[in-house]
Structure formats: structure tokens, C-alpha cells
Amino acid sequence: MANHKSSIKRIRANAAKRLRNRYQAKSTRTAIKRLRAAATKDEAKTLLPKVISMLDRLAKKNVIHKNKASNNKSKLTKFVNGLA
């Protein structure tokens, strides 16, 4: 167990941030799956900006690497543009 007040607070803060990061990352993965399962191109085009925004937010907060966010955005954009 930590001995200093500040380290005890840091442990609490890290636990809260970890939960928030996991929630946001899981929500983003679910949104990506929903986008890939979209039936029509119009539906996918409406979901794409929201998913891109979520990925950018995760990359900004270092939950995921910025290159992973870029790769995901690129692949999803290609996927949406390739829909008939």
C-alpha cells in the first residue's frame, strides 16, 4: 500500500481514468463494428464522421496510438467508399 497522501490519490485517479478509457475504447470498437455492419452506403456515411471523431479523441488522449487511429480511419473510409 502507498504511504503518501499524494500517491494514494494518484492510485484513485488512475483507477478512475482507466475505467473511463476502457469505456471509451470499447464504445469506439462497438461503433466500428456497427459501421462495418451497415446495410446501406447512406447509413455508413452518417456513421463515419462519428466514428472518426471517436478515434481522434482516443488518439488525442493517448488511449490508442495516433497511427492506429489513422490506419483505422483510412480503412473505414475506404470501406464506406467501396460500398455499392
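Each row is one residue, and each column tells you yes or no for (1) in contact with a Ser or Thr (Cβ under 7 Å, 6 or more places away or on another chain); (2) polar (S, T, N, Q); (3) without any contact (Cβ under 8 Å) to a residue 40 or more places away in the chain.
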residue	(1), (2), (3)
N3	no, yes, yes
I8	no, no, yes
A15	no, no, yes
R18	no, no, yes
R29	no, no, yes
I32	no, no, no
A44	no, no, yes
K50	no, no, yes
I64	no, no, yes
Meets criteria (at pLDDT 95 or above, open to solvent by 70 Å² or more (accessible area, probe 1.4 Å) and either of a type outside the set (D, E, K, R) or part of a loop (DSSP other than H, G, I, E, B) (or both)) for N3: no
Considering only residues that are open to solvent by 80 Å² or more (accessible area, probe 1.4 Å), of a type outside the set (F, W, Y) and part of a helix (DSSP H, G or I), which ones fall in segment 15-42? K17, R18, L19, R20, R22, K26, R29, K33, R34, R36, D42
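The values are calculated or read from the model by the stated rules, or taken from the named source; none is laboratory data. Computed from a predicted model, the values in this text were never measured in an experiment. Because the Cβ atoms are built from the backbone with ideal geometry, glycine has one as well, and the counts that use them run over all protein chains shown. SASA here: full protein model, heavy atoms, side chains in, ligands and nucleic acids out. Shrake-Rupley method; radii C 1.70, N 1.55, O 1.52, S 1.80 Å.
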